Amino acid sequence: MASHATRRPEGRKRSMAVPLLAGVLVLLLVGQLVATLLGVGPFAHKEPAQPEPEQPAVQETRVEDAAVAPSEQAEPAPAPEPVYDPTTDPRNAEFAVDPNRTEWNFDAPETKTVYLTFDDGPSANTQPVLDILDRYGIKATFFVTNINPEYQDMIRECYRRGHTIGMHTYSHDYAQVYASLDAYWQDLGMISDIVREQIGYVPCFIRFPGGSSNTISANYTTGIMSELSQEVVAAGYQYYDWDASCGDGAEHTAEELVEATKADTAYGYQSIVFLAHDGAEKQATVEALPSIIEYFQSEGYTFAPLDRSTCVPHHGIGN
Ligand SMILES: [Zn+2]
């Protein structure tokens, strides 16, 4: 009995201790949960007060990486190339059309000079022409049209690379351009807007479709070239015909274009404004261009873009 009596209180004690212990544990857990939610307890997630200092990149570089490209590690990344702004180009003030500037040169330069000129572009052939000119370090002149409007931005690219921009016409459609004096001026205004958009100003250099000696314009307006040739000069423009051509106005092989160039320049003029085309169908001109350039070099010529001091070539008026 005694053992029975002594066991019972112990048993009762034990049975009371279990809920007590459980209660304490529950309180502790609830307290911890509240503390965690408030962000103060030992298990609360805390952002570090300061980010871990980053290891310098060089310490993470493995030896073999450093051995492959040490210069890349040492040099800063190259700055992006600034966007070309044609309005800051110093040629603008010199080449912009200006009715008050009426001085033009009709005397040949002192050294043998070829002024390569490309008509009827820009087109898909303009880029390869530019690349060939760059390869030889040559500046030329582009008399532009809007025949292929998707290449308008090549006008800016030609100018950016140091070539002169002149205006040929917007439509290059003889029936439209030579329909009347007003029609010509309207067309010139439209190509002027495009060129101004691309290079920031309207240049003084123009070339008539067919040249000033063309007679096809007589089909549309009798005497229009006589009047236009005076009107454009009075307005501050100058028109440039040409002294020689590779003959690419018609369809020829590259070899034929080179031979035509040699035949057409056999007179050995001191100054040659040379007609070629960078229109869409002129792949043969692109193919012939290196040989044409090397031919002129072998004859002692240097190359220059048109400017206000260039010896102006005028054909006789044909209509
Ligand atoms: Zn043309």
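The values are calculated or read from the model by the stated rules, or taken from the named source; none is laboratory data. Owing to the predicted nature of the structure, the values given are computational and were not obtained by experimental measurement. Methodologically, a virtual Cβ is constructed for each residue, glycine included, from the backbone with ideal geometry; neighbour enumeration extends over all protein chains shown.
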### Task
Quick one: Asp241 ticks every box in (1) within 14 Å of the ligand (Cβ to nearest atom); (2) outside any loop (DSSP other than H, G, I, E, B); (3) acidic (Asp, Glu) except a single one, so which number is it?
(2)
### Task
Look at Glu197 and say whether it is exposed (fewer than 14 other Cβ atoms within 10 Å of the Cβ) and either part of a loop (DSSP other than H, G, I, E, B) or among the β-branched types (Val, Ile, Thr) (or both).
no
### Task
Go through the residues of region 168-176 one by one and say whether even a single one is over 28 Å from the mean Cα position of the chain (by Cα) and either crowded, with 16+ Cβ neighbours inside 10 Å or within 14 Å of the ligand (Cβ to nearest atom) (or both).
yes
### Message
Any residue that is touching a Leu at 6+ places or on another chain (Cβ under 6 Å), modelled with pLDDT of 95 or more and in the same structural domain as Ser298 (by TED's automatic domain parsing) - is there at least one of those in region 265-276?
### Response
yes
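Conditions (1) loosely packed, with under 15 Cβ neighbours inside 10 Å; (2) more than 16 Å from the ligand (Cβ to nearest atom); (3) under 30 Å from Tyr301 (Cα atoms), marked per residue:
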{"site": "Asn125", "(1), (2), (3)": "no, no, yes"}
{"site": "Ile147", "(1), (2), (3)": "no, no, no"}
{"site": "Glu150", "(1), (2), (3)": "yes, yes, no"}
{"site": "Ser180", "(1), (2), (3)": "yes, yes, no"}
{"site": "Ser192", "(1), (2), (3)": "no, yes, no"}
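In the list Arg156, Arg196, Arg207, which residue meets the criterion of being basic (Lys, Arg) and within 15 Å of the ligand (Cβ to nearest atom)? Break it down stepwise before answering.
Values: Arg156 fails: within 15 Å of the ligand (Cβ to nearest atom); Arg196 fails: within 15 Å of the ligand (Cβ to nearest atom).
After applying the criteria, what remains is Arg207.
State yes or no: is Ile132 in a helix (DSSP H, G or I), more than 14 Å from the ligand (Cβ to nearest atom), over 17 Å from Tyr115 (Cβ atoms) and touching a residue at least 40 places away in the same chain (Cβ under 8 Å)? Walk me through it before giving the result.
Values: in a helix (DSSP H, G or I): yes; more than 14 Å from the ligand (Cβ to nearest atom): yes; over 17 Å from Tyr115 (Cβ atoms): no; touching a residue at least 40 places away in the same chain (Cβ under 8 Å): yes.
Here the answer is no, as Ile132 does not meet what is asked.
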### Task
Mind counting the residues in region 261-283 that are more than 16 Å from the ligand (Cβ to nearest atom) and in contact with a helix residue (DSSP H, G or I) (Cβ under 9 Å, 6 or more places away or on another chain)?
5
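Give me the residue from region 77-121 that is part of a strand (DSSP E or B) and over 18 Å from Gln270 (Cα atoms) and, out of that set, farthest from the ligand (Cβ to nearest atom). Write out each step before concluding.
Going residue by residue through region 77-121, those that are part of a strand (DSSP E or B) are 96, 105, 113-119.
Retained after the next criterion (residues that are over 18 Å from Gln270 (Cα atoms)): 96, 118-119.
Working: Ala96: 23, Phe118: 10, Asp119: 4 Å.
Selected residue: Ala96.
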